Each structure stands twice: as structure tokens, then as C-alpha cells.
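See below for the structure under consideration.
Please treat every number below as a calculation from the coordinates, not as lab data. Treat the numbers as computed from the prediction; the structure is a model and nothing was measured. Glycine also receives a Cβ, built like all others from the backbone with ideal geometry; neighbour counts cover every protein chain displayed.
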Amino acid sequence: MSETIEKPPLEHLAIIMDGNGRWAKRRGLPRTAGHQRGVEVVTKVVDECVNRGIRFLSLFAFSSENWGRPRPEIDVLMGLLLQFLASQQQKMLSEGIRLRVIGDSSRLSQPIQDALADAERATAQGQTLTLVLALSYGGRDEIMRAAKRVAQESLAGRLDIDQLDNRSFSRFLDTGDIPEPDLLIRTSGEVRISNFLLWQAAYAELYFTDVLWPDFDAEELQKALDEYLCRKRRFGLTDDQLGCSQEIND
Ligand code: FPP
């Protein structure tokens, strides 16, 4: 008897966009040229997610550790962020893309904080895709900030610590209203998650590619999504039955 296998929906895709600097260096260009190209790739990947009906896209755009980079590079990244917000806001509104920012925004400059808050407010009703930008973000820092808020609520008598569990704790994270990622992609050949969505990615499928972020495109995204489906669609069947190239381990 043949069984119809439903494709599980991929609701939330998270990406560590890595390799901008190496991409530029290989071409004899300044690192910032890689970041510039990286932003163009961001806009294309957002379009691909909208077209594929993915509901949440989280992008690691600036880590808490990135504050240690040379000031001119930080300034270029912040400038690119402002340009991105200005150039994309109309499209976000017309396509129903909601912007959400996670991370310690208090470390961002006031103009950046204002522009982000404006964009979040303006796009708050978007229903198609939630674009989560992780800025000044570190997973440990996020968990620490959540733990402090939990302690404050408990001290104020508004939270019974004995009632706290995984689900209620996760609401204190920056991603409190966002489902956990199903698939986490990292580009550029590095095989680690570098403090991104530490709590939330506990059960995410991990996908690493050697492709540098500025070279990432629809075809590379499709490869990752195909691999995700193969991993998720096993249901105790064999790779041959599923048409997957990967070996089954479970
Ligand atoms: C990693 O490449 C990438 C970053 C630190 C920044 C990612 C930012 C962008 C793609 C542009 C800004 C995004 C938005 C949404 C406006 P790297 O510099 O660490 O590259 P390397 O490892 O090759 O040096």
C-alpha cells in the first residue's frame, strides 16, 4: 500500500550570513564591498522566502561580538542597515513583511534605534513574512537578559518561580512571540552556531554550506530546503523511498 507523505511546512528559517569579508578579499576589494553585496543577497533571500510561503526569516546581521570590529567597518554596516530600512520599507508594507528586531538594541546609536523602531511600528500589521533582524545580538546575552527579567518579575511578586518551565521562560526571550527555527543555515564553511539563537535552535536542523554569503542565491537556498525536507520526511522510511541523497541514521 503506498502512503502519501505530507511535506512538513518549514515555518521558520534562520541564517548565519557569513563570508562577506572573504568574498571581498578574494576579489581584492575592501571587506565593506562584501557587506554591500551581502545586503543585496538579503533582499533576494527575503523575496525567495515570500515566494515559498516561509513565515519567519531570522538573519544574524550583527553580533554582540561584532562590536569589537574596527570602527569604520561597524559604521559601514550601520550605514547599510539604515539604507536597507529606507529602501525596503515601502516594499515591506506592500508585501506584508513585518520587521522584528532582536538583540541588545541599547548599544545601537539613537538614530539606528529610532529607524528600527519606526520600521517595526510601520510594518507591525504585516502577515506574509516576519523578518527578524538579530542586531547587537548574542544568544547568551539574550538568555541572561531574560533571566534577569524573570528574577525581577519574581521579586515583584508577579511570577511564581515554581511555575516557570521551558515554555514560560522562552516568553522572556527577545523571540517570545516567534516560533523556534526549523532550519538554521550557516554559509562560508564555518561549522558552528556562534551564539545565534542558542535556546531557540535546540531542535533546529543545521545546514552548513561552503558558499560565501555574497554568493548565496535561490539555487543554494533550494538545496538547503531540499535537504531539510529529506531529513524531516523520513518517518522511518529509507532514503531510496524518499529520494534523498543523505544516509539515514535513525
Ligand atoms: C559576516 O561576514 C557577516 C557579518 C558580520 C554581517 C552581515 C551583514 C550583512 C549581510 C549586511 C547587513 C544586513 C542587513 C540586513 C542590512 P564576515 O564579515 O564575518 O566575513 P568573513 O568571515 O569572511 O570575514
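Taking the chain as a Gaussian network of alpha-carbon nodes connected by springs under 10 Å, the highest mean-square fluctuation of the residues ALA201, ALA115, ALA151 belongs to ALA151. Volume per residue of the convex hull around the Cα atoms, evaluated for the range 133-216, comes out as 103 Å³.
Post the alpha-carbon centroid distance, the range 8-30 to the range 99-135, in whole angstrom. After rounding, the separation between the Cα centres reads 21 Å. For GLU205, the residues 5 or more places off, or on other chains, whose built amide H falls under 5 Å of its own are LEU183, LEU184. The shape of the range 20-80 can be summarised by an equivalent ellipsoid whose semi-axes, obtained from the alpha carbon gyration tensor, come to 24, 15, 9 Å from longest to shortest. Projecting the Cα atoms of ASN195, PHE208, GLY34 onto the dipole axis of the chain, where Lys and Arg carry +1 and Asp and Glu carry -1 at the beta carbon, places GLY34 farthest toward the positive end. In sequence order, the range 78-94 has phi-based couplings of 5, x, 5, 4, 4, 4, 4, 4, 5, 7, 9, 4, 4, 5, 4, 5, 6 Hz under the Karplus curve 6.51 cos²θ - 1.76 cosθ + 1.60, θ = phi - 60°, and Gly or Pro positions carry x. Against the empirical 2.2 N^0.38 Å (N residues), the chain has a Cα radius of gyration ratio of 1.08.
Would you order LEU173, LEU198 from fewest to most other beta-carbon atoms within 10 Å of each residue's own beta-carbon? Ranking LEU173, LEU198 by Cβ neighbours within 10 Å, fewest first, gives LEU198, LEU173. Its Cα centre serving as origin, the range 105-250 has a Cβ charge dipole (Lys and Arg +1, Asp and Glu -1) of approximately 640 debye. Between the listed residues LEU99, PRO111, LEU13, the Cα displaced farthest toward the positive end of the dipole of the range 1-121, a dipole computed from Cβ unit charges relative to the Cα centre, is found at PRO111.
Placing pseudo-labels 7 Å out from each Cα toward the beta carbon at GLU11 and THR238 gives an inter-label distance of 3.4 nm.
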